[in-house]
Each structure stands twice: as structure tokens, then as C-alpha cells.
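These notes concern the structure reproduced below.
The values are calculated or read from the model by the stated rules, or taken from the named source; none is laboratory data. The shown structure was predicted, so the numbers you read here are calculated from the model rather than taken from an experiment. Here the Cβ positions follow ideal geometry from the backbone for every residue, glycine too, while neighbour counts run over all protein chains shown. Areas reflect the complete protein model, heavy atoms only, side chains present, ligands, DNA and RNA absent. Shrake-Rupley method; radii C 1.70, N 1.55, O 1.52, S 1.80 Å.
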Amino acid sequence: MQLTDSHGRTINYLRLSVTDRCNMRCFYCMPKEGIVKKGHNAVLSYEELLLIASIAVEIGIEKIRITGGEPLVRNGIVSFLEQLARIPGLRHLALTTNGLLLEEMAADLYHAGVQRLNVSLDSLNPNTFSEITRGGNLKKVLAGLDAAEKTGFPPPKINCVIMRGVNDSEILDFADMTLSHGNSIRFIEYMPAIKEDGWQRYCISGEEIIERIAGKYTLEQVDKGPFAGPSRDFRIPGASGSIGIITAVSGHFCSECNRIRVTSTGQAKGCLFSDERTDLVPWLRPPDRQALAEVLKGIISGKPERHGISQDGYVHRNFTMSQVGG
Ligand code: SAM
Ligand code: SF4
């Protein structure tokens, strides 16, 4: 069954967050301190997350991406993923991670049935990486990427948030990885999640990123797969990896949005930047499959047409990306 929203977009993708905790503190995503730990009962149990996932697939979702916070820090994640992978009708199971625990966990994730890994990596320079992540260890992440490939995963897709004056000098180094290592790179425009005066100074449009790469390489446009969503993809001739841009802030994004989100506390969102959210907990405790299916369908059909970040008069409301799952 194909799910379509009221603006004619096909919705086939659920981003499901399993925790808002993280073992890093990327400055664009989480505040340095002052994160209040959620009560045990506030975070959905694996049974509840599986119920949401199975109902989502039943109504027409085909791809699920597990995210967080950092999904690999939650106890029991591997057996949860095993159960998720067995949901009949789920065509694609992916996971986004910061890669810190990947070296130890890659084999378990592979055998659990995860098909694709996205690893967030914003710098190949250990000092810049440590500054962005407030202390993260680049070596561990690179070892995780290696381990993933040795285990049998296709080269993980790299998510890279480019920020002017922070890591924009590395755009070409990342583009080179599509040739030298076969990774696909997804450049993500910095989004103003945490309210910070002058956030615009970090912004670099996807167009500028592509222009800079095109200054060195010829780029061919790449056809999109069925779950591609709002990225625009290119390839350097001869490279096994592709180069994508997610222009969340500057545009070309909302019209191809194919996803909904559910946070680890059961808040469902039709749009990352909208304040509108629906609390699924009343239909989970006790569980009511039919009502949950109707609520999820309502969130899909009610997806807003577009966000307003780049429009005049946009009122920014603070949120941490780690709570929503990116
Ligand atoms: N911890 C995992 C990780 O970092 O891959 C998964 C969760 S993280 C919130 C998901 C994605 O959101 C990451 O690729 C991260 O770079 C991206 N992200 C977080 N804050 C962002 C921001 N302000 N602008 C753009 N992307 C952001
Ligand atoms: Fe943690 Fe991922 Fe947010 Fe970085 S982007 S702080 S790794 S949740």
C-alpha cells in the first residue's frame, strides 16, 4: 500500500529514535551540559518501539532508520534490531551512528539484519573533530568504519555537516573519499537547532558545496533510489561512492520529503522543524493497534507542505537534534 500525504508526496520512511542520550556532545546538536536525564518510564520500551514500527510497516512504511541520540549506547539494541529486521514487509533497515562504538559492534549489527549504516563524520582532522564533538576520538570512528566494511557492510554512508569557518576547508577531502574509499558522502546544511546568536555565520548552502567540488571534479547527476528522499546526488566519474547534498535550510527539500519521525519518548512529528507533535503514549499504554494506525495515518496526511526556516519572520524555537533524531 502506498502512503501519500495531502500534498501528493509518497511517505515510505520512518526515522525512529531509541534514545536521546549520547556519548558525544557535537556543538550543533547538544548543549555542553545541563541535559536532564529522562526518567526510565519516559523513554519507550523496546516492545513499544516494535509496536510502532510494525504498525508503521503495516500501513505502508517500507524503510526504518534507527537513530538517537546515539542508538548504540542503549542496552539491548542488538536484539531489538534483530526483532525489527524480522517485521514482515520492512524492506530496508538502516542505522545512523556517530561510529564511536562501531568497531566493537559492527559484526553484531550486521548479523542482526541492519542493511546499511550511516556514520556521522564532520572532520578528518583529529583536532577539528574533537572541537566539533567536544572531545570525540576520530581514530575510534575511523576504526569503526573499517570494522563495518570488514564485517560485510557496504561502505558506510558518511553524513557530514559543513560549517563555514569550521570544516568547510575539508569539502574536497570528503569528496575524495568517494573515489579512494568508495564511501558515499552526504553533505548536510547546518541547521539552527540550538538557538545561538549569529547561527547564520556557519551556513553554507548545498549549492556552494557542489560548486566547490565542481571546481576540481566533473560531477554527474545520479538517479535516485526509491528511499532517497530530499537529497540531490552526484558522482565523480569513476567513483564508487556518490556525493549528496541535503539542502534543509536553503531549499529544494520539502517538496521531496518522504519521512515521518518518532522520538524515543513517543512523540511523532511530520516535520523536523514544526512544533507540532503527537504524543503516541496514550495509545501505547495500554496498546491499541487500530488507534495507533489511525494516528500515524493522520500524521502522514497532515504533514505540513514546507518548513519556514529560510523565510522572513521565521520564529526559531530551540530544540536539540539529539531528542528528535536528526
Ligand atoms: N548520534 C547519531 C549520529 O550522530 O549519527 C545519530 C543521531 S544525530 C542527531 C543524526 C544526524 O543529525 C547526524 O548526522 C548529525 O550530524 C545531524 N545533526 C545534528 N544536529 C544537526 C544540526 N544542527 N544541523 C544539521 N545536522 C545535524
Ligand atoms: Fe550525539 Fe549524534 Fe548529536 Fe553528535 S550529532 S551529539 S553524536 S546525537
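For the chain, build the charge dipole from Cβ charges (+1 Lys, Arg; -1 Asp, Glu) around the Cα centre, then report which of P286, T247, L51 sits farthest towards its positive end.
P286
Measure nothing but the geometry: give the 0 to 90° angle between the long axis through the Cα atoms of 138-151 and the longest principal axis through the Cα atoms of the chain, rounded to 10°.
70
Just from its helices, what would the mean residue ellipticity at 222 nm be for the chain, if runs of 4 or more DSSP H residues each count -39500 (n - 2.57) and the sum is divided by every residue, rounded to the nearest 500 deg cm²/dmol?
That calculation yields -8500 deg cm²/dmol at 222 nm.
I'd like to check one number: the per residue accessible area of the chain, probe 1.4 Å, reported in Å² as a whole number.
That works out to 43 Å² per residue.
In degrees between 0 and 90, to the nearest 10, how far off the longest principal axis of the chain does helix 102-112 point, with axes built from Cα atoms?
It is inclined by approximately 50 degrees.
Give me the three principal axis extents of the stretch 141-270 from the C-alpha atoms, as integers in angstrom, largest value leading.
Taking max minus min along each principal axis of the Cα atoms, the stretch 141-270 gives 39, 34, 30 Å.
Give me the percent of Cα-Cα pairs in the stretch 1-82 that sit more than 18 Å apart, rounded to a whole number.
On the way: 1730 of 3321 pairs.
In whole percent, the share of Cα-Cα pairs in the stretch 1-82 beyond 18 Å is 52.
Remind me, relative contact order of the stretch 13-324 in percent, using alpha carbon pairs under 8 angstrom and six or more residues apart?
20
Distance between Cα centroids, the stretch 152-206 to the stretch 76-144: provide it in whole Å.
17
I want to verify the translational diffusion coefficient of the chain in µm²/s; compute it with Stokes-Einstein, Rh as the Kirkwood radius over Cα pairs, at 4 °C and 1.567 mPa s.
Answer from the Stokes-Einstein relation: 64 µm²/s.
Cysteines of the chain lacking any other cysteine beta carbon under 4.7 Å?
C22, C160, C203, C254, C257, C271
If you take every DSSP beta bridge whose two residues both sit in the chain, what share of them, in percent to the nearest 5, is antiparallel?
The antiparallel fraction comes to roughly 30 percent.
At a 1.4 Å probe radius, carbon and sulfur cover how many percent of the accessible area of the stretch 13-324? Mind showing how you got there, number by number?
Working: 6510 of 13440 Å².
Roughly 48 percent, rounded to a whole number.
Order the following by accessible area, largest value first: T278, T67. Probe radius 1.4 Å; ligands, DNA and RNA are ignored.
T278, T67
Give me the net charge for the shell around K140: Cβ to Cβ below 12 angstrom, other residues only, Lys and Arg +1, Asp and Glu -1.
With Lys, Arg at +1 and Asp, Glu at -1, the net is -2.
Return one number: the angle in degrees, 0 to 90 and rounded to the nearest 10, between the long axis of the Cα atoms of helix 289-301 and the longest principal axis of the Cα atoms of the chain.
40
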